[in-house]
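The values are calculated or read from the model by the stated rules, or taken from the named source; none is laboratory data. Treat the numbers as computed from the prediction; the structure is a model and nothing was measured. Every residue, glycine among them, receives a Cβ derived from its backbone with ideal geometry; neighbour counts consider all protein chains shown. Heavy atoms of the whole protein, side chains included, go into the accessibility calculation; ligands, DNA and RNA do not. Shrake-Rupley method; radii C 1.70, N 1.55, O 1.52, S 1.80 Å.
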2 protein chains.
Amino acid sequence: MARRLPPLNALRAFEASARLGSFVAAAAELRVSAAAVSQQVRRLEQYLDTPLFQRLARGLALTEQGRDYLPELSAGFNLLGESTARVRAKRADGVLTLTTLAAFANGWLLPRLHRFRERAPRIDLALRTSREIMDFRRDALDLAIRFAPTPGRGLHGEELCSEELFPVASPQLFGGRHMPDTLAALADYPLLHDTDAGNEQPWLGWRGWFERAGLSTANVGRGPQFSDSIVLIGAAVAGLGIAIGRGPHVAPMLARGQLVRVTQESWKSPWRYWLTAPAAHFRRPVVRIFVDWALEEARQP
Amino acid sequence: MARRLPPLNALRAFEASARLGSFVAAAAELRVSAAAVSQQVRRLEQYLDTPLFQRLARGLALTEQGRDYLPELSAGFNLLGESTARVRAKRADGVLTLTTLAAFANGWLLPRLHRFRERAPRIDLALRTSREIMDFRRDALDLAIRFAPTPGRGLHGEELCSEELFPVASPQLFGGRHMPDTLAALADYPLLHDTDAGNEQPWLGWRGWFERAGLSTANVGRGPQFSDSIVLIGAAVAGLGIAIGRGPHVAPMLARGQLVRVTQESWKSPWRYWLTAPAAHFRRPVVRIFVDWALEEARQP
DNA sequence: GCTGAGGCTAAGATATTCTTGTGCTCATGG
DNA sequence: CCATGAGCACAAGAATATCTTAGCCTCAGC
């Protein structure tokens, strides 16, 4: 008749630790101290009477038991989490005003939005794309997605995703010819530039890339410039040259074959995409539901 | 990056309540008071901002939200519970000495035992089938399965399953003829009797059945008698007559078509099958693992 | 119209869980 | 080769969360 379950919070602590590979990281996800996670995991190990981690001086390694255990736990918690999110979202109702870069909206948000509509059919999204930093005091904004080193002063922020960059071009640019496979060889093709880029964020500009590789930057300024990433990408798709593709902005074009990666080079940006707003906004149900959904989307491979 | 989960203990309280249809029943399963369950469910409803139950004067009814929610939660908790049980069982090691009625072992336990071997490959079962009540003080017994109204004096017990009874016979007994469909019509066939039955437990004897139906019991004592349910069933399978089939004892024969139910009559026994032993035994890992497994098996449809 | 089952609430008791602060180990880098 | 810092363990007290108890309410069934 009965069902016997292990201590659930200990289980959650283990699942997070195993998934993230560290008590410190798990503690951040669970918003408790690392010591708390350590204690919870110990409790579970006692309950099971078997070690789940090998404690190394620097970090953790799963034991065989732990390795077998993790995937099923994750699946179980996913079920709990997803079904809960659905229940929560179904009756929420209202408008969510969101700003983000057009290119991010286009590359990341729009292709996923049908799933949000499914989950929260009664929340309407009002999307404001703008290159300016919006002011929460002035504008009637619920939430912003920002690319920045930190969430922003005075604002609460949750990390949405990181960004990997790599050279991309239309396959038509090369006709049948061999595609260049080194950074140096790219200089033979027209390079497309983002106007803003390259000062603070060297990974956004060709100059940064050539300097990092120790190559001459003499001719690196040549080529057309674009003030907006979305237009820049459009130019690359049209075969006008090679652009520095920002992962989240170009993923759908890569998936459709409109763009391909050129060379194996890549650069992982130290900045992050943040979901950000004054802390109070995050307590609005409509915002919370969107944020939870977005974070979940970002966790998918 | 992050995953957001609802309060897990509240979730478990809801799952149990919804599955069992009552806070009182859920409280028994979770081994807390009904008030605690009520509070936990309320907490979850607040978290979700939606009602999950309609509170009726006498009992509960799921709302639409709750109805959608339950199956996924159950699936999630099943994953957690089953994978945990596997991890727990894998290293346990030893012998479990168990007594039970031969017919119950044959009809219920043996067909399921391959799954137990899978889960706990290093636990060997020593099965002692006996019609006598075993004495935990005298015999080296870990656990007994007993059919009784209560677990037994001085012993801890967990309810394994109930028992439904119904007339059964080999389909060959009727040749091509019409199968009797009323209790009264059974009297035309040989009735098979369990020697012990019919005094304390009227549902085990034909006399009890005929009395309950208000029929004459004049000829009800006729027919062969058997001192052991397993032999009685064998006789029924061999086409010797109609027996009172005890659900857990005859399930595999029904599944294989060796027996069929005769008439739609059935009687739900007020006694239960108990897993029972001195409380201390239940704390032995080997016992706990078997008990958890058996309870889980009993929950399956 | 009783009675009992089942649920609710409030308040205080009890447990669990978390944080803080300290100490340890070892990989990394100067 | 030593200093540094990341990451984990441990202990004790603090902060919560959770449970129980006890009394009340409603309605179904007798």
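Assorted remarks:
- 10 Å Cβ neighbours from other chains, averaged over peptide B:4-15: 5
- Sites B:S33 and A:A36, calculated FRET efficiency, Cβ-Cβ separation with R0 35 Å, nearest 0.05: 0.80
- Partner shielding of B:155-161 amounts to 1, given as the average count of beta-carbon atoms from other chains within 10 Å of each residue beta-carbon.
- Sequence-distant residues sharing a close amide H with A:I242 (under 5 Å, placed H): A:L191, A:L192
- Exposure ranking of B:L259, B:L60 by accessible area [1.4 Å probe, largest first]: B:L60, B:L259
- Largest-first principal axis extents, alpha carbons of the protein assembly as shown, Å: 112, 54, 50
- Accessible surface for B:E200 stands near 140 Å², nearest 10, in the context of the full protein assembly shown (1.4 Å probe).
- Principal axis extents of the C-alpha atoms in region A:164-268 (largest first, rounded to whole Å): 31, 27, 24.
- Cα point-scatterer Debye curve for region B:8-88, base-10 log of I(q)/I(0) at q = 0.17 Å⁻¹: -0.64
- Under 5 Å, built H, 5+ apart or other chain: amide partners of A:G221: none
- Label point distance in nm, A:R261-B:R4, each placed 7 Å from Cα along Cα→Cβ: 3.2 nm
- For the chain pair A and B, the interface hides roughly 4600 square angstrom of accessible area in total, found with a 1.4 Å probe.
- Label distances, nm, B:R86 versus same residue in remaining copies, Cβ-directed 7 Å point: 2.4
- Positions from region B:269-301 whose accessible area shrinks by 20 Å² or more when the full protein complex is built, not the chain alone, probe 1.4 Å: B:R288, B:D292, B:L295, B:R299
- What separates the Cα centres of region A:103-144 and region A:41-82 is a distance of 37 Å.
- Its alpha carbons considered, region B:50-103 gives a radius of gyration followed by a Dmax of 19.3, 51 Å.
- Close amide H contacts of A:L125 (hydrogens built in the peptide plane, cut-off under 5 Å, sequence separation of 5 or more or a different chain): A:L96.
- Residues of region A:53-84 buried by at least 40 Å² on assembly (accessible area, 1.4 Å probe, chain alone as reference): A:Q65, A:Y69, A:E72, A:F77, A:L79, A:L80, A:S83, A:T84
- Overall, the accessible surface of region A:1-156 at a probe of 1.4 angstrom is composed of carbon and sulfur to the extent of 50 percent.
- ³J(HN,Hα), Karplus 6.51/-1.76/1.60, whole Hz, each residue of region B:119-130, x for Gly, Pro: 6, 10, x, 9, 9, 9, 9, 10, 9, 10, 9, 7
- Computing FRET efficiency as 1/(1 + (r/R0)^6) for B:A75 and B:N219, where r is the C-beta to C-beta distance and R0 is 56 Å, gives about 0.60.
- Helix content alone sets the calculated 222 nm mean residue ellipticity of chain A: runs of n ≥ 4 DSSP H residues at -39500 (n - 2.57) each, divided across all residues, give -11500 deg cm²/dmol.
- Ranked order, B:M134, B:M179 - accessible area, probe 1.4 Å, largest first: B:M179, B:M134
- Computed on protein heavy atoms with a 1.4 Å probe, the accessible areas place B:R246, A:R117, B:R112 in the order A:R117, B:R112, B:R246, largest first.
- In the full protein context, region B:8-88 carries 45 Å² of accessible surface per residue, based on a 1.4 Å probe and ignoring ligands, DNA and RNA.
- Taking a straight line from the alpha carbon of A:K90, these aspartates and glutamates sit under 16 Å away, with near neighbours fewer than eight places off in the same chain left out: A:E82, A:E118, A:D124, A:D292, B:E45, B:D49, B:E64, B:D68, B:E72.
- Percent accessible area from carbon and sulfur atoms, region A:187-271, protein chains only, probe 1.4 Å: 49 percent
- Each other residue within a Cβ distance under 15 Å of B:I242 adds +1 if Lys or Arg and -1 if Asp or Glu, for a net charge of +1.
- Shortest-first nm distances, A:R4 label point to equivalent points in other copies (7 Å, Cα→Cβ): 3.6
- Take each residue in A:86-92, count the other chain C-beta atoms within 10 Å of its C-beta, and the mean is 5.
- For region A:262-301, the C-alpha radius of gyration sits at 1.65 times the compact-globule guess of 2.2 N^0.38 Å, with N the residue count.
- Placing a label point 7 Å from the Cα of A:T217 along the Cα-to-Cβ direction, the distances to the matching points in the other copies come to 10.4 nm, shortest first.
- Percent of alpha-carbon pairs separated by more than 31 Å within chain A: 45 percent
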